[in-house]
Amino acid sequence: DVKVTQSSRYLVKRTGEKVFLECVQDMDHENMFWYRQDPGLGLRLIYFSYDVKMKEKGDIPEGYSVSREKKERFSLILESASTNQTSMYLCATIGRIYNEQFFGPGTRLTVL
Amino acid sequence: DQQVKQNSPSLSVQEGRISILNCDYTNSMFDYFLWYKKYPAEGPTFLISISSIKDKNEDGRFTVFLNKSAKHLSLHIVPSQPGDSAVYFCAAASTSGTYKYIFGTGTRLKVLA
């Protein structure tokens, strides 16, 4: 059974804090993704990685960075959290049967 | 520019009837399409997919139709059940590139008992 786990389900941080969101997958897939979901805006791609130490900007990378030191782990970093980064953050990898994106449970981040 | 659009933000259907969710896309390079279902406070779960070489794919109560000339796809749920109440996202990708899926904005389906 595919597992994508995210380090926290709920997180509350203060403006200006550095925030780390961790994601681990057991699919042994090269591709991993970070999205944010906001009402009325759908899922928007922040960054994706197609191999260890490789990354590519998505549609909304501003204010974020990523780290992929190991195949199974993909971290999203908010260098200096701001209130407009309050959102649901979703990590994903690729399933082997349908090439579908397989998502983790999400992290609801609130920045005060 | 929104390449994948779901123009209905919400839909209400009676239990037992058909639910039809619609999705339009603009990029003719897209050749693989997927539907996801999302409950609150959970990640989206994959429902069904279709390749552009087909115009229909069925899996139990779920059927996806693809009209390439109109750049339109739809998800039919028959019969609808209260447990189907969720937000549904369509997604599209070009299989000649990386696995970069573009998602629509979602449609909230409410199935009334």
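Computed over protein heavy atoms with a 1.4 Å probe, the carbon and sulfur contribution to the accessible area of chain A reaches 51%.
The slack between A:E30 and A:Y50, meaning 0.36 nm per residue of separation minus the straight C-alpha distance, is 6.7 nm. Could you derive backbone 3J(HN,Hα) for the stretch A:9-17 from the dihedral phi with the Karplus parameters 6.51, -1.76 and 1.60 (θ = phi - 60°), listing whole Hz in sequence and x where the residue is Gly or Pro? Computed from phi, the couplings for the stretch A:9-17 are 8, 9, 8, 10, 10, 9, 3, x, 6 Hz. The dipole here belongs to chain B: it is taken about the Cα centre, uses +1 on the Cβ of Lys and Arg and -1 on the Cβ of Asp and Glu, and is about 100 debye.
Think of chain A as a dipole: +1 on every Lys or Arg Cβ, -1 on every Asp or Glu Cβ, centred on the Cα centre; then among A:L112, A:P61, A:L90, A:L112 lies furthest on the positive end. Between B:Q2 and B:S74, the simple label model (points 7 Å from Cα in the Cβ direction) yields a spacing of 1.9 nm. In this Cβ point-charge picture (+1 for Lys and Arg, -1 for Asp and Glu), the protein assembly as shown has a dipole of about 300 debye about its Cα centre. Using the Karplus relation 6.51 cos²θ - 1.76 cosθ + 1.60 with θ = phi - 60°, the per-residue 3J(HN,Hα) values for the stretch A:98-104 come to 10, 6, 7, 7, 10, 9, x Hz, with x marking Gly and Pro. Using a probe of 1.4 angstrom and keeping all protein chains present, the accessible surface of the protein assembly as shown works out to 48 square angstrom per residue. Heavy-atom accessible surface of B:D24, to the nearest 10 Å², is about 50 Å², with a 1.4 Å probe and all protein chains retained. Per-residue shielding of B:44-50, expressed as the average number of other chain Cβ atoms within 10 Å of the residue Cβ, stands at 4. Label reach from A:Y98 (point 7 Å along Cα→C-beta): in the stretch B:51-71, amide nitrogens under 16 Å belong to B:51-66. Ranked by the mean number of other Cβ atoms within 10 Å per residue, highest first, peptides A:42-52, B:8-18 order as A:42-52, B:8-18. Counting only Cα atoms, the size of chain B along its three principal axes is 43, 28, 21 Å, in decreasing order. At what distance in angstrom do the alpha carbon centres of the stretch B:45-113 and the stretch B:9-36 lie from each other? Using only Cα atoms, the two centres lie 5 Å from each other. Once you reduce the stretch A:17-47 and the stretch A:61-101 to the center of their Cα atoms, the two points are 3 Å from each other. All C-alpha to C-alpha distances of chain A, sorted into 5 Å bins beginning at zero, yield P(r) values of 2, 13, 24, 26, 19, 10, 4, 1, 0 percent in whole numbers. Charged side chains reduced to their Cβ positions (Lys and Arg at +1, Asp and Glu at -1) give chain A a dipole of some 280 debye around its Cα centre.
Pairs of C-alpha atoms in the protein assembly as shown farther apart than 33 Å represent 15 percent of all such pairs.
The values are calculated or read from the model by the stated rules, or taken from the named source; none is laboratory data. Predicted model only: the values in this text are computed from it and were never measured. We place every Cβ from the backbone using ideal geometry, glycine too, and count neighbours over all the protein chains shown. These accessible areas exclude ligands, DNA and RNA; they are computed on the full protein's heavy atoms, side chains included. Shrake-Rupley method; radii C 1.70, N 1.55, O 1.52, S 1.80 Å.
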